[in-house]
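The values are calculated or read from the model by the stated rules, or taken from the named source; none is laboratory data. Everything quoted here is computed from the prediction, not taken from an experiment. All Cβ positions, glycine included, derive from the backbone under ideal geometry; neighbour counts span all protein chains shown.
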Amino acid sequence: MSRLIVVSNRVAPVQEGKPSAGGLAIGVLDALKETGGVWFGWSGEIVGESAAPVVEKNGNVTYATVGLTRRDYDQYYRGFSNATLWPTFHYRNDLSRFDREEYAGYMRVNATLAAKLKTLLQPDDIIWVHDYHMLPFAQELRKIGVTNPIGFFLHIPFPVPEVMRTVPPHEELMTAMCQYDVVGFQTDNDKQSFVDYIERSGRGHSSEDGMLQAFGRMLKVGAYPIGIYPDAIAKAAEQFSGRKQVKSLRDSMRGRKLIMSVDRLDYSKGLVERFQAFERLLLTAPGWHGRVSLVQIAPPTRSDVQTYQRIRQNLEGEAGRINGRFAQLDWTPIQYLNRKYERNLLMALFRLSQVGYVTPLRDGMNLVAKEYVASQDPADPGALVLSQFAGAADQLPGALVVNPFDLSQMSEALERALSMPLAERQARHADMMAPLRENNLSVWRDSFLSDLRSVATASSVTAKTVKTVKQGAATAKRAARA
Ligand code: GDG
């Protein structure tokens, strides 16, 4: 079988079972171990000058990492990726800025990384590229003569055409994305937005089998919703429930109900609105005073990007204001923890809580929602309040789905979740576990890679046919001349 080459902005060389591994890392690493292969990307280090990849082998997986210079990091990572694409793709044009030099840096880093990867490639490798940092990566590989099949998966939402067009080089980016052989999205909506852009701009058209003809190329576009391993999470949650930290939180709750939220500290996650909806619950239903607490875990990310510093201050202000308004000597309504916790411990905390409160303003999928459901005790499960703007809302039919811009609706949903009878919680939990098992993380990976392999086979058949036809025609011409 051909080797798999995974390319992502950050390479996470995780050992199996290591607690910090997230969805991408776990799913990708499994696939790499099966077929053998290479994981290529940024090491996370800032270096004086760009150098050849550092290659480390562990079993049949090779980790190939490169450092970024300060300028590369500022322009490609902090700049165009996280100050232009991330906000725009999450419908936050108000937070998005465009700077030509940053864009040039983004293109330059993609080109440099492509040239570095080329030195490691073998002819029958298949290449799977991840996320918004790498939109032009296939184009750069093609420019330097790489002909291997290349697929791309976008972990974040893809915006509707009107919003995509607010990124000044939108047409260049779309042309570049069409150089992949398969382009995958989290949801049908995201895929449709991509197809809509192509069709409305008159640059191509799609057919019913998911093929798209655009900018003179033929590619497969599809929705491949990322999953989790629900049974492994359920087991970890149960095992970690006996941990000291979990017990001490349980004791400190003294019969109070617990609402649990976990997100990277990011403006797309809707944390301020979430706090305000909880405040509204305390205002409209004073019976809950002293009987419910919200625990928000929000490890900081991208803390050197200015907008992220602002959201942190804003949130600290809101938590302080709400606690100041309602707290009692023995009750703090919001416990806001601005730090990272061990993964399995988080799953045990989910299991301890009565409500999972996951209300991003926009999210590609949101794995926390899926992890919350999987962590529950089926005999006495918690209820999930989930934003309609998370990709996960399509897949979790038992959630109480809310519009995160409607604080009243969110506070009503919280009250409903807190008071939900056991039979209803059990039925909703079962309704969600079934699709989680059916579309687990291996299904995500296998369906994407199977499409990439079949597109690759089809195009190599087509290439061979074209070659045979051309050779046939040349022979016929020669015969005619003779
Ligand atoms: C992007 C897309 C898409 C969180 N805090 C801690 C911690 N986490 C873990 C969670 C979860 C992961 O991080 C976060 O995943 P999400 O899916 O919720 O969100 P993003 O980070 O924005 O991920 C998203 C995802 O890619 C995958 O395609 O679903 O839409 O935005 O697994 O549990 N893990 C540990 N400590 C923490 O404090 N160990």
Of the residues in region 288-306, those that are within 16 Å of the ligand (Cβ to nearest atom) and either of a type outside the set (A, V, I, L, M) or within 12 Å of residue 415 (Cα to Cα) (or both) come to 296, 299, 300, 301, 302, 303
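Among residues belonging to region 61-80 that are surrounded by fewer than 22 Cβ atoms within 10 Å (Cβ to Cβ) and of a type outside the set (D, E, K, R), point out the one that is nearest to residue 102 (Cα to Cα).
Of all residues in region 61-80, those surrounded by fewer than 22 Cβ atoms within 10 Å (Cβ to Cβ) come to 61-63, 65, 67, 69-71, 73-74, 78.
Now restrict to residues that are of a type outside the set (D, E, K, R): 61-63, 65, 67, 69, 73.
On the way: 61: 33, 62: 31, 63: 28, 65: 22, 67: 18, 69: 14, 73: 10 Å.
By that ranking, first place goes to 73.
Would you check if residue 295 is under 19 Å from residue 384 (Cβ atoms), under 22 Å from the mean Cα position of the chain (by Cα) and surrounded by 15 or more Cβ atoms within 10 Å (Cβ to Cβ)?
On the way: under 19 Å from residue 384 (Cβ atoms): yes; under 22 Å from the mean Cα position of the chain (by Cα): no; surrounded by 15 or more Cβ atoms within 10 Å (Cβ to Cβ): yes.
So residue 295 fails the test.
Yes/no matrix, rows are residues, columns are (1) under 25 Å from residue 4 (Cα atoms); (2) assigned to a helix (DSSP H, G or I):
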{"residue": "78", "(1), (2)": "no, yes"}
{"residue": "86", "(1), (2)": "no, yes"}
{"residue": "116", "(1), (2)": "yes, yes"}
{"residue": "120", "(1), (2)": "yes, no"}
Against the definition (within 16 Å of the ligand (Cβ to nearest atom) and assigned by TED's automatic domain parsing to the domain that holds residue 448), how does residue 124 come out, yes or no? no
Single unsatisfied condition, residue 270 versus (1) in contact with a helix residue (DSSP H, G or I) (Cβ under 8 Å, 6 or more places away or on another chain); (2) assigned by TED's automatic domain parsing to the domain that holds residue 310; (3) small (Gly, Ala, Ser): (1)
May I ask you to verify whether residue 222 is in contact with a helix residue (DSSP H, G or I) (Cβ under 7 Å, 6 or more places away or on another chain) and touching a residue at least 60 places away in the same chain (Cβ under 8 Å)? yes
Somewhere in region 147-155, is a residue in a loop (DSSP other than H, G, I, E, B) and within 15 Å of the ligand (Cβ to nearest atom)? yes
Would you check which residues across region 232-287 are surrounded by 18 or more Cβ atoms within 10 Å (Cβ to Cβ), within 14 Å of the ligand (Cβ to nearest atom) and not in a helix (DSSP H, G or I) and list them? 260, 261, 262, 263, 265, 266, 270
How many residues, within region 187-231, are touching a Ser or Thr at 6+ places or on another chain (Cβ under 9 Å) and in a loop (DSSP other than H, G, I, E, B)? 6
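Please enumerate the residues belonging to region 242-291 that are small (Gly, Ala, Ser) and at pLDDT 95 or above.
Matches in region 242-291: 261, 268, 270, 277, 285, 287, 290.
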List every residue pair whose Cβ atoms lie under 6 Å apart, where the two residues are 6 or more positions apart in sequence or sit on different chains, the first residue falls within region 133-161 and is of a type in the set (A, V, I, L, M), and the second residue, located anywhere, is modelled with pLDDT of 95 or more and assigned to a loop (DSSP other than H, G, I, E, B). 138/179; 138/180; 150/180; 150/181; 156/364
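With the requirement that a residue be under 18 Å from residue 440 (Cα atoms) and in contact with a strand residue (DSSP E or B) (Cβ under 7 Å, 6 or more places away or on another chain), what does region 383-397 give you?
Taking region 383-397 as the starting set, the residues that turn out to be under 18 Å from residue 440 (Cα atoms) are 390-397.
Correct list: 390, 391, 392, 393, 396.
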Would you pick out the residues in region 358-414 that are more than 14 Å from the ligand (Cβ to nearest atom), of a type in the set (A, V, I, L, M) and surrounded by fewer than 24 Cβ atoms within 10 Å (Cβ to Cβ)? 379, 400, 401, 407
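Scanning for something within 16 Å of the ligand (Cβ to nearest atom), on the phi < 0 side of the Ramachandran plot and either in contact with a Phe, Trp or Tyr (Cβ under 6 Å, 6 or more places away or on another chain) or touching a residue at least 24 places away in the same chain (Cβ under 8 Å) (or both), does region 323-335 turn up at least one residue? Write out each step before concluding.
Step one: list which residues in region 323-335 are within 16 Å of the ligand (Cβ to nearest atom), which gives 335.
Okay, now just the ones that are also on the phi < 0 side of the Ramachandran plot, so 335.
If we keep only those that are either in contact with a Phe, Trp or Tyr (Cβ under 6 Å, 6 or more places away or on another chain) or touching a residue at least 24 places away in the same chain (Cβ under 8 Å) (or both) too, we end up with 335.
Yes, region 323-335 has at least one match.
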